[in-house]
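Single-structure report; data block below.
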Amino acid sequence: MSKKKQPIKILYSHLGNYKAHGLAWKEERTIAIDKRLKGLDELETIIHEIMHIQNPKWPEIMVEGKAKELALILWELGFRKCDL
């Protein structure tokens, strides 16, 4: 029987020192998102970093293109983050 993968953990932090919108640690299945991001930029960065974990052999250019396309599709469909 195959081992169930752990869920991807998402952390929000100030990533200015890294000069990055997001970071991914594949082995730990953890991503960090710059807490200053909002809207479409935040959505695209979350998707981008998750794709790095799910597809560790993909080159950066492939991750960028796929993440941008998926984020735009979801955004056009009206998906938004809502703070309740």
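Going by the structure shown, is ILE61 open to solvent by 100 Å² or more (accessible area, probe 1.4 Å), aliphatic (A, V, I, L, M) and part of a helix (DSSP H, G or I)? So ILE61 passes the test.
Residues are listed down the side, and each one gets a yes or a no for (1) surrounded by fewer than 18 Cβ atoms within 10 Å (Cβ to Cβ); (2) under 21 Å from LEU72 (Cα atoms):
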position	(1), (2)
LYS3	yes, no
PRO7	yes, no
SER13	yes, no
HIS21	no, yes
LEU37	yes, yes
LEU40	yes, yes
ILE46	no, yes
GLU49	no, yes
LYS57	yes, no
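Taken over the stretch 28-71, the residue count meeting the criterion of being at positive phi and small (Gly, Ala, Ser) is 1.
The values are calculated or read from the model by the stated rules, or taken from the named source; none is laboratory data. These figures come from a predicted structure and were not determined experimentally. For neighbour counting, all protein chains shown are included, and Cβ atoms are generated from backbone atoms with ideal geometry for every residue, glycine included. Each accessible area value is taken on the protein alone, full model and side chains, heavy atoms only, with ligands, DNA and RNA left out. Shrake-Rupley method; radii C 1.70, N 1.55, O 1.52, S 1.80 Å.
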